[in-house]
Each structure stands twice: as structure tokens, then as C-alpha cells.
1. Can you tell me which residue in the stretch A:1-12 is surrounded by the most Cβ atoms within 10 Å (Cβ to Cβ), limited to those that are more than 8 Å from every other protein chain (Cβ to nearest Cβ) and out of contact with any Gly (no Cβ under 9 Å at 6 or more places or on another chain)?
2. Could you pull out the residue among B:LEU373, B:LEU319 that is assigned to a helix (DSSP H, G or I), buried (at least 20 other Cβ atoms within 10 Å of the Cβ) and not β-branched (Val, Ile, Thr)?
3. Across the stretch B:88-116, what is the number of residues that are of a type in the set (Gly, Ala, Ser) and surrounded by fewer than 18 Cβ atoms within 10 Å (Cβ to Cβ)?
4. How many residues are assigned to a helix (DSSP H, G or I) and either touching a residue at least 40 places away in the same chain (Cβ under 8 Å) or surrounded by 21 or more Cβ atoms within 10 Å (Cβ to Cβ) (or both) if we restrict to the stretch A:179-203?
5. Scan B:ASP37, B:ASP55 and give me the residue that is closer than 22 Å to A:THR333 by Cβ and of a type outside the set (S, T, N, Q).
6. Report the residue count in the stretch A:296-334 for those that are farther than 19 Å from A:GLU251 by Cβ, touching a residue at least 24 places away in the same chain (Cβ under 8 Å) and within 14 Å of chain B (Cβ to nearest Cβ).
7. Any chance you could count how many residues in the stretch B:45-101 are over 30 Å from A:ILE345 (Cα atoms), in a loop (DSSP other than H, G, I, E, B) and of a type outside the set (A, V, I, L, M)?
8. Which condition breaks for A:LYS18 when tested against (1) within 32 Å of the chain's Cα centre (by Cα); (2) more than 9 Å from every other protein chain (Cβ to nearest Cβ)?
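The values are calculated or read from the model by the stated rules, or taken from the named source; none is laboratory data. Please read these numbers as outputs of a predicted model, since none were measured by experiment. Note: ideal-geometry Cβ built from the backbone for every residue, glycine included; neighbour counts use all protein chains shown.
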Amino acid sequence: MTMTMDFDHGTVILRNVKQPSDYMVFDPRINAYRAPAYMYGRISIQYPDADDRVFEKCPEMKLTHSETLRSYQKKAISKWKENGFSGTIVLPTAAGKTHIGMEAIRQLGTSVLVVAPTIELIQQWRTKLEKVFGIEVGQIGGGEKTFLPVSVSTYDSAFLMAETMGNKFRLVIFDEVHHLASDQYINIAKMFASPYRLGLTATYERTDLLHEKLEEYMGGKIFEMGYEELEDYLADFSIVRIPVELTDEEEEEYRTNREIFLRYIRRERIRLKGPWDFEKFIMRSWNPEGREALLAWRRSREIAFSARVKIDTVRYVLSRHRGEKAIIFTEDTDTAYLISREFLIPALTYLTPGPERKEYLQMFREGKVTALATSRVLDEGVDVPDATIGIVLSGSGSARQYRQRLGRILRPGSGKKAVLYEIVTKSTSEYATSSRRRKGVPNRSDDS
Amino acid sequence: MPLHQGGEKVFPTDLMIVKKTKKGDVRPVFLSSDSSDLAQSVINFMKSSVNHNMDYIDRGRKEIEVRSRNHKVVRGLFLIAERMSKFRPPSELDAYRVRKEIFSRSPLPVLDHSERNKVFMEIAAEMKTDVSAVENAMYGDKESDQILVEPPDTNPEDLCRMFNMEQVETILMHSVSMDIRRIRDWHNVLRRIKTLGLLCSIKTGGGEIESISVSGPMSILERSERYGIRMARIFRLICREDQWEVEANIMLKERDTKGKKTYRFRAGDETSDYFPEFQEEQNTPHSRFPVSFNTVPVTVPEGVIVPYCSVNQGGREILINLSVPQSIDRDREIKAYLFEKGISMENVYLVFGSEKKVRGEICFRDSINWEELIYEVNARYPGISTRTETKKEKAQNSDKMMQIKQLLDHTYPDSEKMVDIIEKEGLSAPEILEALGYTVTWKGLSMVVQKKNVLED
């Protein structure tokens with residue numbers, strides 16, 4: 001009897017196997033062998049005579065585009081090809097990773113799913129793919145569920161639907177692939193049978209080292225270039241740090257809360273050296289004292305991050321750059337809404353419905369609004385070529401988040417000079433947070 | 001309390017309160033009548049917060065949290081109480097429309113207060129309302145701005161029971177595998193396992209089911225928590241039984257290391273009093289139908305199946321195996337195997353939501369239509385159906401086709417929706433479309449439907 005291969009809920013079921021391989025496991029519940037779906041490429045090479053029913057039939061697509069690739073983009077693509085059409089390409093934000101993705105799609109001419117972390121990003125990919133290839137593109141996520149040979153999806157939707165979607169696309173492109181390494185999303189890589197895989201990111205390494213997992217499922221890092229090597233292709237930029245002071249009232253409240261927090265961690269001998277230590281502190285805060293310390297820490301952070309004077313500083317920066325396109329980044333959604341209400345500009349947060357996000361970004365691109373307030377949803381990948389001003393009102397200490405935010409204003413433009421402002425509250429822990437995140441971006445900063 | 005599907009909404013993991021033992025067991029912390037005071041204070045606070053917004057409720061919750069011994073309990077009780085309450089937006093104006101008006105006034109951000117007030121006044125005048133209504137409506141659809149209208153209609157004991165239920169479901173969300181034992185009526189449990197896309201191994205003894213081990217397709221390859229959410233959704237069905245026992249392997253993050261450890265969780269009918277009572281959603285056939293639920297497990301290659309029911313057709317027993325489309329290959333193998341042994345069995349499929357019906361098999365959406373099921377079984381086992389029924393079938397089919405045609409004509413040229421309409425009826429889209437005067441071509445993974453005369457023109 002002929003050996004058969006079928007896709008089943010993120011696995012491949014193999015029947016009538018004469019010589020099973022070590023990665024196949026006999027499943028007595030169905031009386032057949034099973035292998036994880038990501039092994040499909042290997043199985044199909046190893047068992048060429050098997051009746052392969054894993055993928056739905058899809059005619060070959062002849063896609064063309066008129067985009068010209070830069071030399072480093074061509075090199076990246078050829079490395080990917082040499083690696084059997086799999087692997088991750090690491091390039092700074094604004095270095096044209098989307099172009100590389102589109103070239104990969106053109107070269108393979110097969111069904112493809114582009115997976116990205118936010119609705120903005122998948123909408124951006126969709127618009128570009130439709131424009132460049134002149135085709136209709138499907139979308140899974142953000143309230144839509146249209147499967148077409150070329151489709152886009154959020155990580156969340158791809159994760160939720162991996163069991164049914166894993167055999168629909170032969171090529172899968174993971175934009176901002178560092179997200180894929182998380183405990184949850186790595187299941188997408190495992191449960192998709194796609195034999196061709198491309199990862200794109202500006203920030204491959206994760207502090208939790210989970211990126212090491214990507215080696216097995218994505219084919220490892222195959223090409224990397226940094227900001228310094230690509231200066232000719234990026235907009236000129238500078239970073240300005242504006243220190244601000246708390247009001248007397250705010251300062252007193254800040255000190256009181258900070259003291260409660262510090263007293264507790266000293267007493268409990270908790271040492272906070274990194275995010276993992278902080279997670280431990282949160283897990284130990286189950287008792288009333290710990291809870292009080294945690295709430296005090298949160299309150300002191302809120303005061304530092306959203307000091308009233310920061311709003312006035314934003315007002316000053318916006319008036320200085322009147323008419324230029326500006327993105328105001330905040331750490332939390334409440335501050336984004338506060339900015340929105342104050343300056344009557346759109347706020348884009350994870351709470352903003354998909355169509356509305358799309359509408360505001362379109363208005364921003366068309367110049368119908370010139371400023372946007374956002375929490376973290378615009379941190380990554382969103383392409384607003386003529387944004388020149390970034391204002392970091394509050395943020396984490398993550399260098400990755402900072403690089404990504406900087407990247408939002410670095411898209412090249414003729415004679416463009418981008419400025420990233422960082423508004424930081426003096427004499428608070430926010431100063432140290434700011435210094436931490438600055439490591440990892442080229443040093444072009446001024447303290448004003 | 002209605003049974004629903006169970007576990008659609010559970011606590012976030014950080015509200016899980018468990019005790020871990022050195023032996024590797026994990027036990028939930030249940031609220032008993034001792035906790036009624038806390039539950040009562042949550043209910044009282046909600047009752048006193050009518051006409052206040054969620055922000056106000058959040059602040060009140062934090063104050064109660066600081067006073068209590070365990071803030072997680074307070075947060076959990078509030079979460080349930082909020083879900084049981086009714087809220088309204090702070091303004092009757094449409095928030096999205098108001099925002100659109102505001103942002104389209106000027107491309108530049110508004111930098112001084114008088115300019116800002118002017119914008120609100122203009123919009124208020126256009127919308128024939130006052131400035132505060134416009135300001136409130138700007139983000140009136142945000143959760144934190146919602147105003148409490150109706151507090152939860154519950155008592156402290158029931159609130160505690162619901163808390164316990166969600167605690168267990170939250171723990172089970174981290175299940176790698178789950179064993180169910182001591183249940184008398186396995187049908188509903190087995191049906192739920194199948195409809196959730198899970199797999200199970202059945203252990204029998206003396207013709208009775210002793211236990212069922214539940215896992216997912218990937219579980220054979222790795223210890224995955226992926227199916228935990230689905231396993232949690234079975235629990236409500238189990239704990240309403242008179243006798244029950246659940247044992248699960250739970251994968252939990254360790255407090256002091258980055259790794260995860262597997263713990264054993266066990267609960268049984270001795271804890272039933274801690275959980276709310278459920279009303280079962282009934283879908284039993286009318287007594288005029290020859291249906292029996294007294295089916296016994298049937299041994300098949302590599303396992304056992306438990307037919308959902310049997311239909312008596314002129315003295316002949318037809319077993320009904322209720323299943324889900326994902327198991328179709330295995331179901332067909334079993335049907336063929338039993339046929340060779342002289343046992344008649346029909347696979348019946350249930351689909352939910354936007355799932356497409358299974359072609360060529362008996363298939364229902366959401367629940368069994370007993371009249372149709374009996375009719376289908378009649379048709380599949382000849383010598384029982386009558387002449388009148390055939391006429392009735394023809395008439396029904398003809399009416400149905402007319403209805404489908406009308407829907408298709410109305411939906412044309414949206415090919416995808418047209419295909420959906422047909423496939424949801426369990427019919428083959430290309431055949432039906434051809435028969436109804438359309439042509440079908442393939443574009444990638446999609447069918448493109450065109451009217452025949454359009455092409456000919």
C-alpha cells in the first residue's frame with residue numbers, strides 16, 4: 001500500500017510507512033504515525049513516492065514587480081536562496097525588509113502568508129503587495145478572514161488558526177520574527193507545514209535568549225547588517241533628551257511611593273538587576289505589604305511617566321515643529337488618550353478598532369492629520385515615510401523598543417532631518433530607564 | 001446558571017491561586033462560606049457604584065485589595081461581578097463619529113485651550129448638544145469610561161462558587177493531559193471532547209468505560225499546553241455529574257526559575273458543593289422517535305468508541321457516532337470495520353459557527369435535528385422508507401433548491417459567499433452552481449462564479 005501524508009491539526013499523519021524515521025511517532029489513538037508539521041519539507045524529500053495530500057492544490061503564480069533592490073537586499077535574498085529558501089534576515093528599521101519579502105514572494109511564485117505582529121503592519125503589507133503585484137491579497141485577523149494564495153495575518157490569528165491554516169501556504173514570511181520565539185507563537189512555526197520560511201527583523205536577539213529556538217524552525221540567521229553600514233540609505237537624525245521637573249506636589253507623592261517600594265525590597269532583600277528579577281518581585285507581592293509596595297511602585301512610575309509638565313513640553317516641541325509630521329510615543333494607553341484629548345489628535349492603541357487604526361494612519365500619510373499619539377502599537381514596522389519628529393513621552397528601558405521607535409522616523413526622504421525627542425523626568429528612576437534604552441542605538445544625542 | 005459552552009471566560013493566569021506540594025501536586029484555593037464577607041463587600045461596592053464609571057470601580061477595587069489578605073481573590077471576585085453587571089457609555093453620542101469630527105477639523109494639533117474649546121463648541125452646535133456631551137463622547141466607547149447601570153444580581157455564596165469554578169478552569173487551562181473517571185453519562189463528555197478537536201483514549205472494563213484520557217493531536221509529539229484551554233472547557237460538564245473525578249497534568253511556571261514544572265491536579269465529586277449549579281441545555285429527541293441512549297462501548301481497532309445513541313429501524317439497530325469533521329477519515333475506517341462485523345453505524349457530524357458542513361455525510365449545524373436524522377437513516381437503510389416519504393423528500397429538495405437559487409442570485413457576483421451558502425448546506429458547490437446556471441473557474445485557492453449567459457454574451 002502506498003504511503004500517504006495528510007495534514008492534521010498542525011501535524012502530518014503518515015500511514016503505511018514502511019521505514020519510519022526517528023522524528024515520527026506512532027499514535028495509537030489513530031493507528032498511524034505522526035510528525036510535527038514543520039518537518040513536512042524533510043518528509044517530502046525523504047519519501048518522494050508517498051501520496052502527498054498535505055497541501056491544497058494551488059497553481060503556480062507568475063508575479064512580477066518593478067521595484068529595484070539595493071545591493072545588500074540582493075545579497076540577503078541570495079543567502080536565503082542558498083539556505084534552501086529558509087532563514088532570517090536582520091536589517092535595521094527602514095532598510096527595506098518589505099522589499100526583500102516581496103522579492104522572496106516573486107522568486108518562489110507560490111502561495112504565501114505574511115505574518116506580522118500588529119493590524120497596522122498586516123494592513124501595510126497587504127496594501128504594498130496589492131500595489132506592487134497588482135493582485136488581491138487575503139487577510140486573516142483584524143476582523144477579516146479571507147484566504148487567498150497571497151494573504152497576510154497577525155501572529156495572534158496565525159496562532160489561533162495554525163491547526164487549520166498550517167497547510168494552506170507553502171511560503172511563510174514572519175515580519176518582526178523575534179516575536180515568533182515566544183512560548184506561544186513558536187507553535188505557529190511548529191504547526192505550519194510551509195517548507196519555505198523567511199524571517200525579517202531589526203532586533204533578532206532577545207534578552208530572554210528565546211531567539212535560539214528560531215534556529216530549528218526558521219533556519220537561523222543568514223544575513224545581518226547594522227545602522228552604521230547602512231547610513232547612506234537612512235535619513236539623517238539626531239536624538240534630543242529634554243529633562244523636566246516634577247511639581248512640588250508630584251515630587252512629594254513620588255518620594256512617598258518610592259520610599260514604600262524601596263523599604264519593602266530592602267527588607268525582603270530583593271535585588272532588581274533585570275526584568276526577570278522584577279518578575280520575581282511581582283510574584284512575591286502576594287502579601288498585603290508586597291501588594292502595597294507594588295502599587296506604590298506603579299504609582300511612582302505613573303507620576304514620573306506622565307508628569308503634567310511633560311504635556312507642556314510636548315506642546316513646546318509640537319509648536320517648534322509646526323506642520324511637520326510627529327509621532328508621540330507613550331508607555332501606557334491612558335497617557336496616549338490624555339495626549340489625544342489635549343491636542344485633539346488621533347490616539348492609536350491596542351484598544352483602537354482595526355478599521356479606525358487604518359483610517360488614522362491613512363489620514364496621517366495623506367497629511368490630513370500631522371500628529372499621532374500612540375502607546376506601543378506603532379513601535380514596530382509601520383511605514384510613515386515623511387514623519388520627521390518622534391517624541392518619546394514615556395517608554396520602557398528596552399533598547400529594542402527604542403531602536404524600533406527611532407526607526408519610525410528614519411525612512412529616507414530628500415533632505416530629511418529626523419529628530420527623536422525624549423522627555424524624561426529629572427531625579428526619578430525614569431532617568432536610568434532612559435539611559436538603559438539608549439544603549440544599542442548610534443550615539444547622536446544631545447541633552448537639552 | 002446556564003451551562004453554556006463552559007470556560008469561554010476564565011481568569012488570567014496571574015489570578016490563579018494554587019498551593020503546590022513537594023510531592024508535585026497542585027491544589028486550588030477554594031472560597032467557602034468563610035469568604036462570604038469579602039464577596040459581600042464586593043457586591044456592596046458594586047451596588048454603591050451605580051452611575052460611576054469603570055475607573056471609579058477600579059480605584060475602589062484597589063482599596064479593597066490593599067485591605068484584604070489576598071488581592072487576587074478580590075480581583076477575581078470583581079472580575080466576575082463586573083461581567084455580571086450592565087454598563088452604558090457616558091454619552092449618547094456615537095464616539096467614533098465624534099472623534100472623526102474632531103480629527104478632521106484641522107491637520108495641525110490644537111496647541112492652546114481657547115482653540116480646543118472652539119472645536120468642541122462647534123461640534124456641539126452641529127450635533128445639537130452641549131460641550132460636555134461631546135467631550136465625554138470622544139472616548140465614550142473606552143472600557144474605563146463605561147458607566148455602571150446595573151450591579152450584579154447575585155449573592156455572596158454564588159459569587160464564591162463562580163470564583164471557584166473559574167479557578168479550576170484557569171488551572172486546567174495549563175493542562176498537558178487530562179483523565180476523567182467515574183462518570184455515568186459519558187455521551188456529553190465524549191461529544192464535547194470531539195467537538196473541541198481533542199483526541200481521547202478510552203479504557204474499559206466489563207463492557208463499561210472506566211476512564212478517558214484526553215489530549216490533543218500534538219500531545220503525542222510534545223508536552224504541550226496548547227490544548228489546555230479546550231480541556232478547561234470540559235470541566236463544567238463533568239462537575240455537574242453526581243459522580244466524577246478529574247486528574248490532570250498541569251504545566252506551571254516556577255517562581256524562582258525560568259523553567260516550567262508539571263504538577264498533578266486532582267478534583268472529584270467531594271468538591272461539588274464548591275461549584276455553582278448548572279442548568280443543562282436540553283436537546284433530546286421527542287418520544288415518538290425510535291432513539292435509545294443506552295449504548296455500550298464498542299471495541300474497534302486500536303481503541304473503543306461509545307456511540308452517542310442508536311436508532312431502531314424496523315428491529316434493526318443503527319448506531320449513531322456523533323463526531324466532528326476533523327475525525328472523518330478515522331470515522332469512515334471504523335464504520336467500514338463495523339460493517340464487516342455486521343454492525344451498522346452512521347457517522348453524524350456537528351459543525352459550529354462558520355464551519356462548513358461535511359459533504360456526503362449526515363451533518364447538522366449546532367445541534368441535532370432529530371427529524372432529519374431519522375429521515376436520513378431511513379434513506380440510507382433501504383426497505384424502510386415509504387413512497388410518501390420519497391415524494392416528501394423530492395418536494396423538500398425542490399423547495400430547498402429554489403431557496404438556495406434565490407440566495408445565490410441575490411449574492412452574485414460575490415463568489416466566496418455563494419460557495420459558502422452551498423457548502424453550509426453540505427452540498428458540493430461546483431455541481432450545484434452548474435445545475436443552477438452558473439459556471440465555475442478556479443483562481444488560486446478560490447472559486448470564481450459567473451452566470452452562464454454572461455459568459456456566452
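1. The first filter runs over the stretch A:1-12 and keeps only residues more than 8 Å from every other protein chain (Cβ to nearest Cβ), leaving A:1-5, A:7, A:12.
Those still in the list that are out of contact with any Gly (no Cβ under 9 Å at 6 or more places or on another chain) too: A:1-5, A:12.
Details: A:MET1: 7, A:THR2: 8, A:MET3: 17, A:THR4: 17, A:MET5: 22, A:VAL12: 25.
Filtering the stretch A:1-12 for residues that are more than 8 Å from every other protein chain (Cβ to nearest Cβ) and out of contact with any Gly (no Cβ under 9 Å at 6 or more places or on another chain), the one surrounded by the most Cβ atoms within 10 Å (Cβ to Cβ) comes out as A:VAL12.
2. B:LEU373
3. Taking the stretch B:88-116 as the starting set, the residues that turn out to be of a type in the set (Gly, Ala, Ser) are B:91, B:95, B:104, B:106, B:114.
Within this subset, residues satisfying the condition of being surrounded by fewer than 18 Cβ atoms within 10 Å (Cβ to Cβ) are B:104, B:106, B:114.
Of the residues in that region, 3 qualify.
4. 8
5. Result of the check over B:ASP37, B:ASP55: B:ASP55.
6. Taking the stretch A:296-334 as the starting set, the residues that turn out to be farther than 19 Å from A:GLU251 by Cβ are A:314-334.
The next check asks that each one be touching a residue at least 24 places away in the same chain (Cβ under 8 Å); those that pass are A:314-315, A:317-318, A:321, A:323-334.
Subsequent filtering for residues that are within 14 Å of chain B (Cβ to nearest Cβ) retains A:314-315, A:317-318, A:321, A:323-328, A:332-334.
Going through the stretch A:296-334 one residue at a time, the tally reaches 14.
7. Step one: list which residues in the stretch B:45-101 are over 30 Å from A:ILE345 (Cα atoms), which gives B:45-50, B:60-86.
Restricting the remaining residues to those that are in a loop (DSSP other than H, G, I, E, B) gives B:49-50, B:68-70, B:85.
Adding the requirement that they be of a type outside the set (A, V, I, L, M) leaves B:49, B:68-70, B:85.
Residues that pass the stated criteria total 5.
8. Evaluating A:LYS18 over (1) within 32 Å of the chain's Cα centre (by Cα); (2) more than 9 Å from every other protein chain (Cβ to nearest Cβ) leaves (1) as the failure.
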